[in-house]
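Let me begin by presenting the structure, written as structure tokens, before commenting on it.
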Amino acid sequence: MEVVRLASETDVAGWRRAARALRAGGVAPEQTLWTVDGSGGDLLAGSAMGEGGPTGAGQAFTVPRAFIELADLVALHRSDERFALLYSLLWRLGHEPRLLEDASDPQVQRAHRLAKAVSLAAHKMKAFVRFRQTRDEAGDERYVAWFEPAHRVTELTAPFFVARFANMAFSILTPDACVHWDTEALVALPGADPAEAPREDALEDYWRAYYASIFNPARLKVGAMQKEMPKRYWRNLPEARLIPELIAKAEGRTAAMVAHAPSTPARRVVRQVERKMRDASFEAQAMNNLEELAAAVQMCRRCDLWRDATQGVAGEGPGRAKLMLVGEQPGDQEDLAGHPFVGPAGQMLDKALAEAGAPRDQAFVTNAVKHFKHELRGKRRLHKTPNTGEVTVCRWWLDAERRLVRPRVIVTLGATAALAVFGKPMAIGASRQKAHQLADQAQGVVTYHPSYLLRLPDADAKAKAYGLFVEDLAFAWSLAA
Amino acid sequence: MPTLDLKRKLEILSDAAKYDASCASSGGTRRDSRGGRGLGSVEGGMGICHAYAPDGRCISLLKILLTNFCVYDCAYCVNRVSSNTPRARFSVEEVCDLTLGFYRRNYIEGLFLSSGIIRSSDYTMEELVRVARTLREVHDFRGYIHLKVIPEASPALIDEAARYADRVSINIELPRDESLTALAPEKEIASIKKAMGAVRLGVEASQEKGRKARPANYAPAGQSTQMIVGADTAPDGEILKRSETLYSAYGLKRVYYSAFSPIPDATARLPLERPPLAREHRLYQADWLMRVYGFARAEIIGEHEDLELEIDPKLAWALKNRGGFPVDLNTADREQMLRVPGLGVRVADKMIAVRRLKALRLQDVARLTRAVERLKPFIVTLDWRPGGPTDTDRADLRARLAPPPEQMALF
């Protein structure tokens, strides 16, 4: 039997040295006993290994990185079996190199469970340490906490506090170890006694006031609280002393709220509301210009498309533009931004207009339908073509824009726009490059929608269609100019 | 008016803030106080809950209102103008001092600041931004900040808020637009949606810049919202459809569901009942299925239906779709495994790793999860198959898997 005496409960380096030597020397787990100095388990002291553990050098071996990470955590667990368990895993890794991937192996499962408990203890330490402000003889501030971690995680967790409070001197005292930070260096010392920590802090009253006020007595869920904040931590949490009373009074407070008759609002408030109601009726007025129209589109409830859209997108451009471009409907980007043709199709339109010699800032750009119709696919919104009913009711807005702008030429981009402007379906290929007379004296020009060009998969077809598109825009501009 | 001491203000203004369910400190950019003048760090990932109240909710942030004076009259809100609740207002310096004092003592991860509407939307938003700016620029505070956005505020102020905050949120408040008009007459669904749209555009613009240009900090933890459940008659299907739309349209990180709960000095316009906590819980589970497990809303629930309260939505789905079961844990792909009631992401991933080494038996499954008895009717392993058509198809399967009713009665 080989007996290893580690220097302390957290002597991970010592464990590693000894384990490496034992494994190289071929000493099986059944033949080893792991003890810690001062823990009373060294009855078998005086083994062949001597101080500092075995040093026998056998064949070299490597272990997966995952094992080192696992061992570093497991070693901090308070259970006595941890070093033996780790050595046993190390031994088995020799002939089962993929052992750690088998989470259903009882020893691997046990090690994972210990590691998880240690990680949780570290996380809870980050959460539940409570500092108290102190001043030393020189009058310098230091924040001191007394804490009892579930496992030996004080040194593991100290870097978190250093990163968070780099410019604040602090000490965390625990029964296992103490860490001290003076804004420049971190010092770890042996465990301390709770009497060494400050007894109170002036701000704790405020913290308790907050804790009591943020609690909603109508939703008592004591089990959920205790699962996340186990009682073992309560004695070092200043707020925990309020818990029994908060629980005891919750039911009565809720019943009182339910039973309480609604009170009458103050007279000042009633007068305010009356004034507002009186003024509200003057706000709804007819629209006489494009600004009013854009505001009114926001209120449109003529069909149901407004429900899932962000906002109505009205047309934009000079109020006396000679050229009006009508698209289908706002897309994902237009719906968010509130402006027509700002997404990918808009960029293609801009490029084509520039090549056709028709400046976009001299055209009025709008859509047949003012709200974004779409369907949800995963976490995206996909364009969906508006139906005839939606196009028909939304013509009310397009007609208002035509009346206010009075363009010479209206270009319809795609089939939906043609339907809205001409009131009937138009075959784009057969109708393009012609001036169609419209009832309001404007001339209609039919062409493709830029989104159609974007969707064409074949590069040649895309280039050809783009050429026709530019040609149509140039034709329309020549009619308008 | 007598001046209130700071502690009394804190009581009033945290009491007024507690009906906002969110307290998350998740998703911020990783950073710490080293090399700076101040304090604070964000680890990224899940955030830290520093305490739990007896209502089971996490306390991660100092969640307060700047003021609970408000010109709005929203029926469901304790701070509405017509309520006779005690009122208070913090100064910017008071909020900063409390935040830093609490933070130094490790009580909190940061600040979640909201406000009643005073004077105007822009004035209120400017005050909120001033707190965040002071914390960041004067005190070099690097902890977490969550700011509530006033939807009617000017876009420039919303942008500024998002530059100082880790997360911003705008509450959609109610599942139905008509209910918002009825219960919160001053609020406009159109402004709420537009502000959410503006935030999504801002977040996307800050992320798409070239890798060399350091992206401007713009709400790195994204945006969230809250919907009150039970203040109107919208069924669960409608609530989840609204969430589905919000997730896709505005890239929200979270939709919080808040069971409408009795408030002090309530209005006569709303029924005061115990909050529907069980319903709220089922909504969170269904939301989780949509966000993490790849379920479409329509698979879980029709638009006019309510979720079952007795069993969780995944089990309800499985019982309605028994044809897809049992699932062979040794051959199924991850997506299929995640559809098994009681099987979660972590356990499924462990199973996938283990089965590369050996075929799974029931005892292996039992070591990977405690819920093996729940899984058995739905799975196949090397040595286990539910009793042919008799098991997965049993008419009493639901009764056997549903928890006894008294467990659900918990309040």
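Do any cysteines in chain B lack another Cys Cβ under 4.7 Å, and if so which? Taking the Cβ cut-off of 4.7 Å, the unpaired cysteines of chain B are B:Cys23, B:Cys70, B:Cys96. Here region A:129-196 is assigned +1 on the Cβ of each Lys and Arg and -1 on the Cβ of each Asp and Glu. Its dipole about the Cα centre then comes out at about 300 debye. Gain on full extension, evaluated as 0.36 nm per residue between A:Arg377 and A:Ala255 minus their Cα-Cα distance, stands at 39.4 nm.
For the peptide B:105-115, the mean number of other protein chain Cβ atoms found within 10 angstrom of a residue's Cβ is 4.
Tell me the relative contact order for region B:6-221 as a rounded percent, counting alpha carbon contacts under 8 Å between residues six or more apart. It comes to 20 percent, rounded to a whole number. Burial here means at least 40 square angstrom less accessible surface with every protein chain in place than with the chain by itself, probed at 1.4 Å; in region B:178-202 the buried residues are B:Glu178, B:Lys193, B:Lys194, B:Arg200, B:Leu201.
Rounded to the nearest 10 degrees, what's the angle between the helix A:154-164 long axis and the longest principal axis of chain A, both from Cα atoms, 0 to 90? Tilt of helix A:154-164: around 40 degrees. A 19 angstrom limit on the alpha carbon distance is what I want to check against. Which of A:Lys126/A:Lys231; A:Lys384/B:Lys320; A:Lys231/B:Lys7; A:Lys126/B:Lys350; A:Lys384/B:Lys187; A:Lys116/B:Lys350 exceed it? A:Lys384/B:Lys320; A:Lys231/B:Lys7; A:Lys126/B:Lys350; A:Lys384/B:Lys187, as the Cα separations exceed 19 Å there.
Please compute the modelled spin-label separation between A:Ser263 and A:Ala459, points set 7 Å along Cα→Cβ, answer in nm with one decimal. My value for the distance between the label points is 7.5 nm. Between helix B:121-133 and chain B there is an angle of about 80 degrees, using the helix long axis and the longest principal axis of the Cα atoms.
Average accessible surface for region B:139-298: 35 Å² per residue, computed with a 1.4 Å probe over protein heavy atoms with every protein chain in place. Here the dipole of chain B is about 1660 debye; that uses its Cα centre as origin and unit charges on the Cβ of Lys and Arg (positive) and Asp and Glu (negative).
Across the protein chains, with a 1.4 Å probe defining accessible surface, the residues B:His139, B:His50, B:His281 rank B:His281, B:His139, B:His50 from largest area downward.
Taking Cα atoms, how many degrees apart are the long axis of helix B:189-208 and the longest axis of chain B, rounded to 10 and kept between 0 and 90? Compared with the principal axis, the helix lies near 80 degrees.
Quick one: accessible surface of A:Arg219, probe radius 1.4 Å, all protein chains present, in square angstrom to the nearest 10. Surface open to solvent at A:Arg219 totals about 10 Å².
Cross-link partners of A:Lys434 among lysines, defined as those whose alpha carbon lies under 17 angstrom from its own and excluding same-chain residues fewer than eight positions apart: A:Lys424. Spin-label model, A:Arg92/B:Val345: points 7 Å from Cα along the beta carbon direction are separated by 2.9 nm.
In this structure, A:Lys351 and A:Gln441 have a Cβ-Cβ separation that, at R0 = 35 Å, corresponds to a calculated FRET efficiency of about 0.70. For B:Phe112, the residues whose modelled amide H falls within less than 5 Å of its own, excluding neighbours fewer than 5 places apart on the same chain, are B:Leu62, B:Lys63, B:Ile64, B:His146. Here the label points at A:Asp140 and A:Thr62, each 7 Å from Cα along the C-beta direction, are separated by 4.7 nm in the simple model. For the chain pair B and A, buried accessible area totals roughly 7700 Å², probe 1.4 Å, rounded to the nearest 100.
Counting only protein heavy atoms and a probe of 1.4 Å, the accessible surface of the protein assembly as shown is 53% carbon and sulfur. Averaging 1/r across all pairs of distinct Cα atoms in the protein assembly as shown and inverting the result yields a Kirkwood radius of 31.9 Å. For the set A:Lys379/A:Lys462; B:Lys18/B:Lys63; A:Lys124/B:Lys253; B:Lys193/B:Lys241, the pairs lying more than 18 angstrom apart at their alpha carbons are A:Lys379/A:Lys462; A:Lys124/B:Lys253. Residue by residue along A:323-336, Cβ atoms of other protein chains within 10 Å of the local Cβ number 2 on average. Comparing Cα centroids, region A:196-246 and region B:83-99 end up 22 angstrom apart.
Among the aspartates and glutamates, which fall within straight-line cross-link reach of A:Lys373, defined as a Cα-Cα distance under 17 Å, with same-chain neighbours fewer than 8 residues apart omitted? Counting by Cα, and skipping residues close in sequence, A:Lys373 has these aspartates and glutamates nearby: A:Asp304, A:Asp308, A:Glu328, A:Asp332, A:Glu334, A:Asp335, A:Glu390, B:Glu244. Peptide B:353-359 shows a mean partner chain C-beta count of 4 within 10 Å per residue C-beta. Along chain A, the exposed loop sites are GluC sites (Glu not before Pro) outside DSSP states H, G, I, E and B with at most 12 other Cβ atoms within 10 Å, and the longest stretch free of them is A:284-481. Taking Cα centre as origin and charging only the Cβ of basic (Lys, Arg, +1) and acidic (Asp, Glu, -1) residues, the dipole magnitude of region B:6-221 rounds to 720 debye.
The values are calculated or read from the model by the stated rules, or taken from the named source; none is laboratory data. Because the structure is predicted, anything quoted here is derived from the model rather than measured. Glycine also receives a Cβ, built like all others from the backbone with ideal geometry; neighbour counts cover every protein chain displayed. Ligands, DNA and RNA are excluded from the accessible area calculation, which covers all protein heavy atoms including side chains. Shrake-Rupley method; radii C 1.70, N 1.55, O 1.52, S 1.80 Å.
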